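Working notes for the structure below.
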Amino acid sequence: MSKTTLDKLLGIQYPVIVAPMFLISNTKMIKAALTHGVTAAFPALNYRTDQELRDAIKEIKSFTDKPFGVNLIVNKSNLKYKGQLETLVELKVDYIITSLGNPGEVIEKCKPHGIKVFCDVVDLAYAKKVEQQGADAVIAVNNRAGGHAGKLSPKELITLLTENCNIPVISAGVVSLMAKI
Ligand SMILES: Cc1cc2nc3c(=O)[nH]c(=O)nc-3n(C[C@H](O)[C@H](O)[C@H](O)COP(=O)(O)O)c2cc1C
């Protein structure tokens, strides 16, 4: 089965996400990425209040209609999860990147609104689970990724996922060195 690619999935020029970084991503960074043909996402937790999160999304939306995403921590360590999900759905961000937990509820709530859900995964079992739940793409977090890294090498993980999943696979980790691996 031929898979679509990130650029076609989002209608952008290059299939690249400027990845969400806790305490680092900001609206300036997102706007710069969107201006240059790629997409970008920021962690919802970079904003302490719901109002600040709303203001950031509205600021980007008033700057451009290019697609951007928000990263949502979906395990119980994120005490703001429910409210953040409601806000992201209400303001209709283009996609949500889920990390560190079960994305089932996010997928269920986003689908009816056409919001795409890309799920961080570190192995095939988890990738197959989120694919079955309706994820639009998996993000292959390999053992060279910054932040919460996986256990498999970029080559092992990407090969495993591209050969066994029917949804697009987005690589996270050591992208700049990929050509040498
Ligand atoms: C400083 C830093 C903060 C990060 N914070 C987050 C985060 O809040 N949420 C998330 O999903 N990923 C986070 N990541 C992971 C990145 O989104 C991305 O998957 C990773 O940086 C890819 O690895 P690379 O930078 O080695 O290519 C973070 C990475 C870094 C380096």
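What follows draws every value from the coordinates through simple rules; no lab data is involved. Because the structure is a prediction, the values reported are computed rather than measured. Reconstructed Cβ throughout: ideal geometry from the backbone, glycine too, with neighbour counts over all protein chains shown.
Please work out the ratio of the alpha-carbon Rg of the range 1-49 to 2.2 N^0.38 Å and round it to two decimals.
In units of the 2.2 N^0.38 Å rule of thumb, it is 1.30.
Take every pair of alpha-carbon atoms less than 8 Å apart whose residues are at least six positions apart; their mean separation over the length of the chain yields a relative contact order of 15 percent. Within the same chain, lysines fewer than 8 places from Lys129 are excluded, and of the rest, those with a Cα less than 20 Å from its Cα are Lys3, Lys76, Lys109, Lys111, Lys116, Lys151. Working ranking of peptides 48-56, 163-171 by packing, defined as the average number of other Cβ atoms within 10 Å per residue, highest first, is 163-171, 48-56. With r as the distance between the Cβ atoms of Gln132 and Ser153 and R0 = 25 Å, compute the FRET efficiency 1/(1 + (r/R0)^6) and round to 0.05. Result of the calculation: an efficiency of 0.50. The Cα trace of the chain gives Rg and Dmax of 15.3, 44 Å, the first to one decimal, the second as a whole number. Think of each Lys and Arg Cβ as +1 and each Asp and Glu Cβ as -1; about the Cα centre, that makes the dipole of the chain roughly 200 debye.
Footprinting exposure proxy ranking of Val122, Val117, fewest other C-beta atoms within 10 angstrom first, gives Val122, Val117. Going Cα to Cα from Lys31, which lysines come in below 19 Å? Please leave out same-chain ones fewer than 8 positions away. Result set, ordered by chain and number: Lys58, Lys61, Lys66, Lys92. For the range 83-90, 3J(HN,Hα) computed residue by residue from phi via the Karplus equation (6.51, -1.76, 1.60; θ = phi - 60°) reads x, 5, 4, 4, 5, 5, 6, 4 Hz, glycine and proline entered as x. Using alpha carbons only, how many degrees (0 to 90, rounded to 10) separate the axis of helix 50-63 from the longest principal axis of the chain? Helix 50-63 sits at roughly 80 degrees to that axis.
For the chain, what does the helix formula give at 222 nm: sum of -39500 (n - 2.57) over DSSP H segments with n ≥ 4, over the residue count, nearest 500 deg cm²/dmol?
-10500 deg cm²/dmol
Just in the range 1-39: which trypsin sites (Lys or Arg not before Pro) are loop by DSSP and have at most 14 other Cβ atoms within 10 Å? Here the sparse-neighbourhood loop sites are Lys3.
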